[in-house]
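To start, the structure itself, in structure tokens.
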Amino acid sequence: MLNVSVPLAANDPAGQWTVLVRELLNNTEDKSTFAYTPSPRNAAVSGAAHRAIYVQNDLDNIFRFARLHQDVTIVGGSSSFAEPAAKRLISILEPWGVRCQYMDVAAASKTRELSEKEAATWVGLQFGKAKAGAGNKPEMSGFAVQGPVILLGNPEDNAIIKYLSEQKYLPYKPDPLSMPGRGRALLAWQRDGVGKGQESVTLIAYDDAGLQEAVGSFYEAVAGLDPLTKWALPLNASVAPAKSAPGLAPAAGTLWTATLVDRVDGIKVSGDSLSVLTHDGSLATVDASGKVGAAKVLTGAELEAARKELATPVDAAAKKTYARPDRVFKFSAANGGKVAVAYWGGTLRVMDGANVKSEQRLPQDITALAWLNDKLIAGLADGRVVALDAK
């Protein structure tokens, strides 16, 4: 008997599915067929994606926590990523009037010292009589950190979080492999977990990316940013691919890419080849197939003259014609009725009259443009020369 769990995705198609199992020692196999009917609510999951994991009304408790308490102590774990996350948390809470101080986990995780009067009447989570001083267990007296607390880290690097987990204060048991998972975080609110009458918020993660997610989710809760589907998902929902994309043009295909030693400063077309000047002063030849030939190093007046000659000029009329409110015009290059327009940041648009023929964002800022017959040649800030099919 073999039990196999098949992790189907929310958008997997309905119908008959077949699981084939092969035993490699005897080279035998068997299969089993089952019918799969996805839930009609699966498509609604796209609107319910949250950042850090939380349960019930903990986001509301965190919102109230930040409004109620103006002086908070942050206790970070011993991992290297805890203190930078604490500094980020301090900076984003300051505009909300929340003053934070950072306390080392070694000092904070000591048991709280009780006075003689406190010890006479103190009642903790366990039976027994409390003693004056620091000889009590945390279950009786709580921890040395006072007032509202934000805990960062996980049970492996923060003794207070470990205690909260063991005492069942957390909604889920943290685990480095599955909860909350790599690059993920868990937020949880507690009362009386750190000490008598104390509120605490725990940000649990096992790596830097997860703790950064926890800090961001904590801020969203403090700011009152509600998820798109806070209350309930729709009973039925569907997702279908878009049949058209109004206002968007296809990207021009890449014919070849050549890599040079430095940023491209200028391109000049000579017959069926290109002369490409890079920022280090090298003048290289690139043929129509993208093969890089020998390079010559220019200096002095020869280099300055080459930079002026090969640089892509800025056409004032084209700048006025092809200006966009969402992009900053850089320069353009015309070829018959087509005009290639480069915008700062790597956006490249090819115009055919008033029509947008192609548009795309190249991986680096565009530093030079030229036409080699019907090929559009773009020089990039990282030294790449890209030939695009702009027919």
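The values are calculated or read from the model by the stated rules, or taken from the named source; none is laboratory data. Quick caveat, the model's predicted, so the values are computed rather than measured. Virtual Cβ from ideal backbone geometry, glycine too; neighbours counted across all protein chains shown. Protein only, heavy atoms only, side chains kept; ligands, DNA and RNA dropped before computing areas. Shrake-Rupley method; radii C 1.70, N 1.55, O 1.52, S 1.80 Å.
Data table
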read-out: Solvent exposure of the chain as accessible area per residue, Å², 1.4 Å probe; value: 56 Å²
read-out: Nearest 10 degrees, 0 to 90: helix 82-93 Cα axis against the chain principal axis; value: 90 degrees
read-out: The chain: most fluctuating residue of 102, 206, 322 per GNM, C-alpha cutoff 10 Å; value: 322
read-out: Residue-averaged 222 nm ellipticity for the chain, from DSSP H runs of 4+ at -39500 (n - 2.57), nearest 500; value: -5500 deg cm²/dmol
read-out: For the range 48-200, share of DSSP beta bridges that run antiparallel, in % to the nearest 5; value: 30 percent
read-out: Difference of contour (0.36 nm per residue) and Cα-Cα distance, residue 26 to residue 269; value: 80.9 nm
read-out: Residue among 135, 183, 266 with the largest mean-square fluctuation in a Gaussian network model of the chain, springs linking Cα atoms under 10 Å; value: 266
read-out: Backbone HN-Hα couplings from phi across the range 156-173 [Karplus 6.51/-1.76/1.60, Hz, Gly and Pro as x]; value: 7, 10, 9, 5, 6, 5, 4, 5, 4, 5, 5, 8, 6, 7, 8, x, 10, 7
read-out: Using alpha-carbon coordinates, inclination of helix 208-223 to the longest axis of the chain, degrees; value: 80 degrees
read-out: Dipole of the range 161-290, positive end: most advanced residue of 276, 248, 258 [Cβ charges, Cα centre]; value: 248
read-out: In Hz, Karplus ³J(HN,Hα) per residue of the range 232-239 (6.51, -1.76, 1.60; θ = phi - 60°; x = Gly, Pro); value: 7, 7, x, 6, 9, 8, 9, 10
read-out: Accessible-area value, residue 162, 1.4 Å probe, nucleic acids and ligands omitted, Å²; value: 100 Å²
read-out: Dipole in debye (nearest 20) - the chain, about Cα centre, beta carbon charges: Lys, Arg +1; Asp, Glu -1; value: 720 debye
read-out: Accessible heavy-atom area order of 389, 326, 207, highest first, probe of 1.4 Å; value: 326, 389, 207
read-out: Pairs beyond 30 Å (Cα-Cα), from 173/196; 117/173; 268/319; 296/330; value: 117/173
read-out: Amide H partners (placed H, <5 Å) of residue 351, local residues excluded; value: 339, 340, 341, 357
read-out: Relative contact order computed over the chain (Cα-Cα under 8 Å; 6+ residues apart), in percent; value: 12 percent
read-out: Angle in degrees between helix 300-310 and the longest Cα principal axis of the chain, rounded to the nearest 10; value: 90 degrees
read-out: GNM top mover of 167, 16, 198 - the chain, alpha-carbon springs below 10 Å; value: 16
read-out: Fraction of accessible area attributable to carbon and sulfur, the range 189-298 (%, probe 1.4 Å); value: 56 percent
